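A short worksheet on the structure shown next.
The values are calculated or read from the model by the stated rules, or taken from the named source; none is laboratory data. Predicted model, so just to flag it, every value in this text is computed and none were measured. Don't worry about glycine lacking a Cβ; one is built from the backbone with ideal geometry, like all the others, and counts go over all protein chains shown. Heads up: the accessible areas ignore ligands, DNA and RNA and are worked out on the full protein's heavy atoms, side chains in. Shrake-Rupley method; radii C 1.70, N 1.55, O 1.52, S 1.80 Å.
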Amino acid sequence: MTDLSSFPITRKWPARHPDRIQLYSLPTPNGVKASIMLEETGLPYEPHLVSFDTNDQNSPEFLSLNPNNKIPAILDPQGPGGVPLALFESGAILIYLAEKSGRFLPDDPAGRYETIQWLMFQMGGIGPMFGQLGFFHKFAGKDYDDKRPRDRYVAESRRLLGVLDQRLDGRDWLMGNDYTIADIAIFPWVRNLVGFYDAGQLVGYEDFRNVQRALDGFLARPAVVKGLATPARG
């Protein structure tokens, strides 16, 4: 049995199954990227809830794995060469799990880099812009009298949805017929924008029919349904 005791994070979140990938996360748009990917690949894993309510993300144990105090993070007892590997950053985790499982990332170099391109589109654009829109529309920023910051993120979010909608025209998924880590990265954020942030009307979501169709297909996948609820909130 693998010994993970040298990793301080296991002191706060003991591994009942140390031979499995340890997932430290919360069901947020970034967090569920990892849980959905793990469900889609079938890789054995053990989820651990990192509660923001109790500031778990700033605990010394969590910071020992991710000094940037963000979820998700993983600890794979069977990393490259059989050596345990700890990883943070959701995009890096998606690429790692795709390579480990041999799924959801094309084998041919051109397709691989095109997929990673759309993954970076989510990480550099959709995530930050949708997140800022959520702040100014739903959270503390909604109380600001000056609506120019909100409107700036509304306009940029709508522009990004337009890029997605154009890409999905005539395609089932971002890479065509093949479902990839790009889809796993992007659609939790689209779901959050129109669901939890309740910003669909604000960005004119009804105009983006291709995005709507693809999101519906994404949410119908059994692995997505399970991943969206993992780790279970306390």
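From the residues in segment 53-105 that are assigned to a loop (DSSP other than H, G, I, E, B) and acidic (D, E), which one is most open to solvent (accessible area, probe 1.4 Å)?
D53
Given the condition touching a residue at least 60 places away in the same chain (Cβ under 8 Å), touching a Gly at 6+ places or on another chain (Cβ under 9 Å) and open to solvent by 30 Å² or more (accessible area, probe 1.4 Å), answer yes or no: does some residue in segment 31-52 qualify?
Yes, segment 31-52 has at least one match.
Look at D143 and say whether it is open to solvent by 50 Å² or more (accessible area, probe 1.4 Å) and over 23 Å from Y179 (Cα atoms).
It is true that D143 is open to solvent by 50 Å² or more (accessible area, probe 1.4 Å) and over 23 Å from Y179 (Cα atoms).
In segment 159-209, how many residues are among the small types (G, A, S), open to solvent by 20 Å² or more (accessible area, probe 1.4 Å), in contact (Cβ under 8 Å) with a residue 24 or more places away in the chain and on the phi > 0 side of the Ramachandran plot?
Initial filter on segment 159-209 (among the small types (G, A, S)): 162, 170, 176, 182, 185, 195, 199-200, 204.
Okay, now just the ones that are also open to solvent by 20 Å² or more (accessible area, probe 1.4 Å), so 162, 170, 195.
Filter once more, keeping what is in contact (Cβ under 8 Å) with a residue 24 or more places away in the chain: 162.
This time we only want the ones that are on the phi > 0 side of the Ramachandran plot, so: none.
Total satisfying the criteria: 0.
Of the residues D178, D165, D183, D216, which is of a type outside the set (A, V, I, L, M, F, W, C), in contact with a strand residue (DSSP E or B) (Cβ under 8 Å, 6 or more places away or on another chain) and closer than 30 Å to Y96 by Cβ? Full working, then the answer.
Numbers: D178 fails: in contact with a strand residue (DSSP E or B) (Cβ under 8 Å, 6 or more places away or on another chain); D165 fails: in contact with a strand residue (DSSP E or B) (Cβ under 8 Å, 6 or more places away or on another chain); D216 fails: in contact with a strand residue (DSSP E or B) (Cβ under 8 Å, 6 or more places away or on another chain).
Selected residue: D183, the only one of D178, D165, D183, D216 that is of a type outside the set (A, V, I, L, M, F, W, C), in contact with a strand residue (DSSP E or B) (Cβ under 8 Å, 6 or more places away or on another chain) and closer than 30 Å to Y96 by Cβ.
At least 2 residues that are over 19 Å from the mean Cα position of the chain (by Cα) and within 15 Å of F130 (Cα to Cα) in each: list the helices (runs of 4 or more DSSP H) lying fully within segment 149-234 that qualify.
Numbers: elements: 181-194, 200-203, 209-219, 222-227.
So the answer is 200-203.
Which residues, counting only those in segment 185-213, are β-branched (V, I, T) and out of contact with any Asp or Glu (no Cβ under 7 Å at 6 or more places or on another chain)?
I186, V190, V194, V203 - these are the residues of segment 185-213 that are β-branched (V, I, T) and out of contact with any Asp or Glu (no Cβ under 7 Å at 6 or more places or on another chain).
Quickly run through segment 8-26 and pick out the residues that are surrounded by fewer than 19 Cβ atoms within 10 Å (Cβ to Cβ) and not in a helix (DSSP H, G or I). It would help to see each step written out before you state the result.
So in segment 8-26, the residues surrounded by fewer than 19 Cβ atoms within 10 Å (Cβ to Cβ) come out as 8, 11-12, 14, 16-19.
Selection gives P8, P14, R16, H17, P18, D19.
Could you give every pair whose Cβ atoms fall below 9 Å, whose first residue belongs to segment 1-15 and is more than 14 Å from H48 (Cβ to Cβ) and touching a residue at least 24 places away in the same chain (Cβ under 8 Å), and whose second residue is charged (D, E, K, R) and outside any loop (DSSP other than H, G, I, E, B), counting only separations of at least 6 or pairs across chains?
No pair meets every condition.
Provide a single number: the residues in segment 106-126 that are touching a helix residue (DSSP H, G or I) at 6+ places or on another chain (Cβ under 9 Å), open to solvent by less than 50 Å² (accessible area, probe 1.4 Å) and either modelled with pLDDT under 95 or assigned to a helix (DSSP H, G or I) (or both).
Final tally of qualifying residues: 8.
In segment 212-227, which residues are open to solvent by less than 30 Å² (accessible area, probe 1.4 Å) and either closer than 13 Å to S25 by Cβ or of a type in the set (D, E, K, R) (or both)?
Scanning segment 212-227 gives a single hit, G227.
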